[in-house]
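Each value in this text was obtained by applying a stated rule to the coordinates, not by laboratory testing. The model shown is predicted, which means the values in this text are computed figures rather than measured ones. Glycine gets a Cβ as well: all are built from the backbone with ideal geometry, and neighbour counts include every protein chain shown.
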Amino acid sequence: MSDAHHVQIVDHHQIAELATRAGAAPRKRTHLLLHDGPADPVQRLIIVLQPNTYVRPLHHSRQWEMLVLQQGRGNLLIFDGDARLMDRIELSPRSPVVQIPIGVWHGFVVLEPNTAVLEIKPGPYRPNEFADWAPEEGDASASRFVEWITNAPSGEKWLIAG
């Protein structure tokens with residue numbers, strides 16, 4: 001998108017293609033960058049996720065983040081810094097936009113196939129700051145963690161050694 005006159009359009013066919021790729025991917029998700037690169041002052045991307053994937057809890061110490069649901073449904077999970085689930089915010093057609101303040105621990109779990117989210121945050125790109133108490137994708141305890149975050153009530157703490 002380096003040409004100032006280039007208008008980038010993302011249509012339903014492109015999101016459907018991303019959903020197919022996400023279904024075949026080991027992480028069960030894929031993305032489409034909408035910004036020029038890591039130095040862009042506004043980072044924008046569409047992420048398409050399938051069930052049985054999650055976004056490992058993280059926070060941004062210097063950036064806010066906005067999520068805009070495009071299709072599907074998922075839960076934004078808010079944590080304290082000690083692995084306690086503080087809130088569960090459903091992103092759905094009835095509540096499709098959420099803004100996450102700087103420093104808030106959050107994760108995401110998918111509730112419907114082909115869930116697509118537009119993510120916007122200030123640049124330049126900064127690596128995610130993941131919670132050391134949350135398992136990495138592919139870790140032996142990751143599926144147990146996904147089951148827990150899908151069903152845990154607010155106030156419950158993830159028992160790492162359980």
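Listing for the model above:
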{"item": "Acute angle (nearest 10 degrees) that the helix 142-151 long axis makes with the longest principal axis of the chain, alpha-carbon atoms", "result": "90"}
{"item": "Chymotrypsin sites (Phe, Trp or Tyr not before Pro) within region 51-109, DSSP loop, no more than 16 other Cβ atoms inside 10 Å", "result": "TRP64"}
{"item": "For region 49-60, 3J(HN,Hα) per residue [Karplus equation, 6.51 cos²θ - 1.76 cosθ + 1.60, θ = phi - 60°, Hz, x = Gly/Pro]", "result": "10, 10, x, 6, 10, 8, 9, 4, x, 8, 9, 10"}
{"item": "Estimated [θ] at 222 nm from DSSP helical runs (n ≥ 4, -39500 (n - 2.57)) normalised by residues in the chain, nearest 500", "result": "-4500 deg cm²/dmol"}
{"item": "Relative contact order (%) - the chain, alpha-carbon pairs under 8 angstrom, separation at least six", "result": "27"}
{"item": "Cα-based helix-to-principal-axis angle, 12-24 vs the chain, degrees rounded to 10", "result": "40"}
{"item": "Trypsin sites (Lys or Arg not before Pro) restricted to DSSP loop in region 1-110 with at most 14 other C-beta within 10 Å", "result": "ARG27, ARG62, ARG94"}
{"item": "Counted charge near LEU18, where neighbours are those whose Cβ lies closer than 14 Å (Asp, Glu -1; Lys, Arg +1)", "result": "+1"}
{"item": "Dipole in debye (nearest 20) - region 1-85, about Cα centre, beta carbon charges: Lys, Arg +1; Asp, Glu -1", "result": "400"}
{"item": "Calculated from backbone phi, Karplus (6.51, -1.76, 1.60) coupling profile of region 31-46 in Hz, x at Gly/Pro", "result": "9, 10, 6, 10, 9, 6, x, x, 8, 4, x, 10, 8, 9, 7, 9"}
